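Structure, as structure tokens:
The values are calculated or read from the model by the stated rules, or taken from the named source; none is laboratory data. Values in this document were obtained by computation on a predicted structure and should not be read as measured data. Glycine also receives a Cβ, built like all others from the backbone with ideal geometry; neighbour counts cover every protein chain displayed. SASA here: full protein model, heavy atoms, side chains in, ligands and nucleic acids out. Shrake-Rupley method; radii C 1.70, N 1.55, O 1.52, S 1.80 Å.
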Amino acid sequence: MATTAPGWLTLSSALAWAGTLLLVASLLPMVREPRLVAMLGGLDRMLRWHHRLGTLGYALVLGHPLALAAARWSASPRAAWEAIAPWGQPVGVTLGWAALGLLMAGLASTFAMRLPYRRWRWLHRLLAPGVLGGVAHAGLLSGRAAPALALGAIALAALGWRLLRADLGLAASPYRVERVAMRAAGVIEATLAPQAAPLPVQAGQFVLAAFGEGPHYHGCDEFHPFTVSGVGAGGTLSVAVKALGPCTRRLQALQPGVAVRLQGPFGDFLDDRGAAPQLWVAGGIGVTPFVAALREGPVRRPTTLVYLFRDRRDAAFLEELQALAAADRGFELLAAEADERLAPLEAMLARVPGLGGRRVHACGPAAMVDALRGRLARHGVAAGAVRAERFDFR
Amino acid sequence: MRTLFLSSTLAFWITVAAFWAGGTWWPGAGGGQATAADREIAAAEVARHAVPKDCWMIIDGRVYDVTRYLPNHPVGPSMVVPWCGKDASEAYCTKNAGRPHTAYADQLLPAYRIGTLAH
């Protein structure tokens, strides 16, 4: 027995420390500083690393109590169970179970994409005490205080930085609502003027905005992502707001004069357009980044915008796009109503000259983007020529 | 990542349930080791295993072979080696500094038990 138990104990310890290290490392990509995000390849890439490190760390940590029990199995099955039973244990062991429970609940809700965003965000925050509890458990029971303290300090620093600068908005820039225009049923466009140094925003990017108080308006004052629909003189920018949840429904009644806090900008969706002719595919409010690009001026290369929407009443910016297409010979607009079957898409793609040589940018629901990728491949468009953006923070 | 989460969580709970079932319905199985742990060992016998490569010690009336554990001791083997072949009860309970070993150490110890001190 003594020849096999040490191996299991060593494995248990290795899994615990490796898993805890990865969990703490997963907090670092959540430090949402725009310049750091740009340096590390964008928010999407950082989110992917956050997901990978967190899930892998969790999986390793799961192995830790199992290996501990395995070390006791040859003594007796009862001893093995008593080594990990959640009850009747010292505080340090109970803390470990509590931390594991929080990680499990937090991760389970992370993958429940149908949850309303607010509830999803609240449940996702369970992961923070889960990680901290796991570090405390490691420090209490391993006898190795120094590495536990170091990991705990890194975790607290990352969480604190994120809480203060991003979630509470201490790093936010002050703006004020200058104009509000209705662009479709349930879609407004708010033009915002900077009250201090403006953010360096470009078409294709998004900002996090928290709308506060105005003379006759009370906003949620929560940060939500909004795609930039235009960049104006003097640092003004416009964002499109679609009514998707409690805060964005309240924003449909937004008025000029309301104070806004902005973080960002984030994203590089339209940075890599290259010199090739363009095909832009937009689903619903996904048309917004393309509107921002078209408002910059006449297109520099042949550009076709395929715009799909459920109903003409939902087609934000449609009239403006039609006017731009009429005025710019290099820009072609193909617009149609479509449901989730995307019936008109194939015929619209067939009308795009030289489709195989086009650089494609797509923005819309995931199902639309997935269907589009398959059809583009059949038309000879290389996978590397397609850039898609979901503009979803989960 | 969703697949990794779901599969690892499912495997975890199935294994935990197996340990619970084993501990509940077959608590005393693994008799070979139980027999070894019941073996009575005299203090003189323990004293003959007093070097790092063959290190036995007595803690609270039980005899442990900690030879394979020595390299894994958190502060290194040097704090443990002086107690090879001896009764280390006081040292284990106080670490000679008024502080007991951790609950984790208490959990590890039974894995190294080889017998009971003969009186």
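Structure summary
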| item | result |
| --- | --- |
| Out of A:83, A:69, A:59, sole residue that is among the small types (Gly, Ala, Ser), farther than 16 Å from residue A:133 by Cα and at pLDDT 95 or above | A:59 |
| Any hit, region A:171-180, residues being over 21 Å from residue A:268 (Cβ atoms), outside any loop (DSSP other than H, G, I, E, B), touching a strand residue (DSSP E or B) at 6+ places or on another chain (Cβ under 7 Å) and open to solvent by less than 30 Å² (accessible area, probe 1.4 Å) | yes |
| Hey, residue A:64 more than 14 Å from residue A:12 (Cβ to Cβ) and either at the interface with another protein chain (Cβ under 10 Å from one of its Cβ atoms) or not charged (D, E, K, R) (or both) or not | no |
| Answer from A:106, A:134 - the residue that is within 16 Å of residue A:12 (Cα to Cα), crowded, with 20+ Cβ neighbours inside 10 Å and more than 10 Å from every other protein chain (Cβ to nearest Cβ) | A:134 |
| Matching entry among A:118, A:48, A:78 (being farther than 26 Å from residue B:108 by Cβ, open to solvent by 50 Å² or more (accessible area, probe 1.4 Å) and free of Cβ contacts under 8 Å to residues at least 40 places away in the same chain) | A:48 |
| Members of region B:72-92 that are more than 9 Å from every other protein chain (Cβ to nearest Cβ), open to solvent by 30 Å² or more (accessible area, probe 1.4 Å) and assigned to a helix (DSSP H, G or I) | B:77, B:78, B:79, B:81, B:82, B:83, B:90, B:92 |
| Region A:21-45: number of residues that are within 16 Å of residue A:127 (Cβ to Cβ) and part of a helix (DSSP H, G or I) | 10 |
| Candidates A:86, A:34, A:29 - the one that is touching a strand residue (DSSP E or B) at 6+ places or on another chain (Cβ under 9 Å) and more than 8 Å from every other protein chain (Cβ to nearest Cβ) | A:34 |
| Among residues of region A:334-376, those that are within 21 Å of residue A:227 (Cα to Cα), outside any helix (DSSP H, G or I) and open to solvent by 60 Å² or more (accessible area, probe 1.4 Å), counted | 1 |
| Within region A:194-260, strands (runs of 3 or more DSSP E) holding 1 or more residues that are open to solvent by 20 Å² or more (accessible area, probe 1.4 Å) | A:224-231, A:237-242 |
| Residue ID - most open to solvent (accessible area, probe 1.4 Å), chosen from residues in region B:20-35 that are at pLDDT 50 or above and more than 7 Å from residue A:77 (Cβ to Cβ) | B:25 |
| Filter result for residue A:39 (open to solvent by 10 Å² or more (accessible area, probe 1.4 Å), free of Cβ contacts under 8 Å to residues at least 24 places away in the same chain and hydrophobic (A, V, I, L, M, F, W, C)) | yes |
| Hits in region B:93-117 (condition: open to solvent by 40 Å² or more (accessible area, probe 1.4 Å), at pLDDT 75 or above and within 11 Å of chain A (Cβ to nearest Cβ)) | B:101, B:106, B:110, B:113 |
| Enumeration of residues in region A:66-75 that are without any contact (Cβ under 8 Å) to a residue 60 or more places away in the chain and either closer than 30 Å to residue A:269 by Cβ or open to solvent by 20 Å² or more (accessible area, probe 1.4 Å) (or both) | A:66, A:73 |
| Check on residue A:384, within 18 Å of residue A:274 (Cβ to Cβ), modelled with pLDDT under 90 and open to solvent by 60 Å² or more (accessible area, probe 1.4 Å) | yes |
